[in-house]
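**Q** Please see the structure below; I have some questions.
The values are calculated or read from the model by the stated rules, or taken from the named source; none is laboratory data. As the structure is a prediction and not an experimental result, all values here were calculated from the model. In this analysis, Cβ positions are derived from the backbone assuming ideal geometry, glycine residues included, and neighbour counts consider all displayed protein chains.
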């Protein structure tokens, strides 16, 4: 049997395809800012100045930003294991005070 050729003229043009483009890009500096705010919140939690719910809000914001950045850089189709330091810091919030 003869192989069918793809006609390049029948392909859908990229301008006609609607892509899922994020509304706002997450940059490395944004992640560093969220990480800094999380470290401050963790230190306040260790001293008893902040509740666990507030600490989790900071951690979730950091996790969401890191995941969004990963999706922007690597895409969702590639398998990629994400080591989230925020989850480790929630598990042991007194780690900073021990050093």
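**Q** List every residue pair whose Cβ atoms sit under 9 Å apart, with the two residues 6 or more apart in sequence or on different chains, where the first one lies in the range 49-75 and is more than 18 Å from residue 36 (Cβ to Cβ) and the second, anywhere, is surrounded by 14 or more Cβ atoms within 10 Å (Cβ to Cβ) and at pLDDT 85 or above.
**A** The qualifying pairs are 51/45; 52/45.
**Q** Given the residues 50, 34, which is the only one that is in a loop (DSSP other than H, G, I, E, B), modelled with pLDDT of 90 or more and in contact with a helix residue (DSSP H, G or I) (Cβ under 8 Å, 6 or more places away or on another chain)?
**A** 50
**Q** Which of the residues belonging to the range 38-48 are free of Cβ contacts under 8 Å to residues at least 24 places away in the same chain and surrounded by 11 or more Cβ atoms within 10 Å (Cβ to Cβ)?
**A** 40, 41, 44, listed by residue number.
**Q** Tell me whether the range 61-72 contains one or more residues that are touching a helix residue (DSSP H, G or I) at 6+ places or on another chain (Cβ under 8 Å) and surrounded by fewer than 16 Cβ atoms within 10 Å (Cβ to Cβ).
**A** yes
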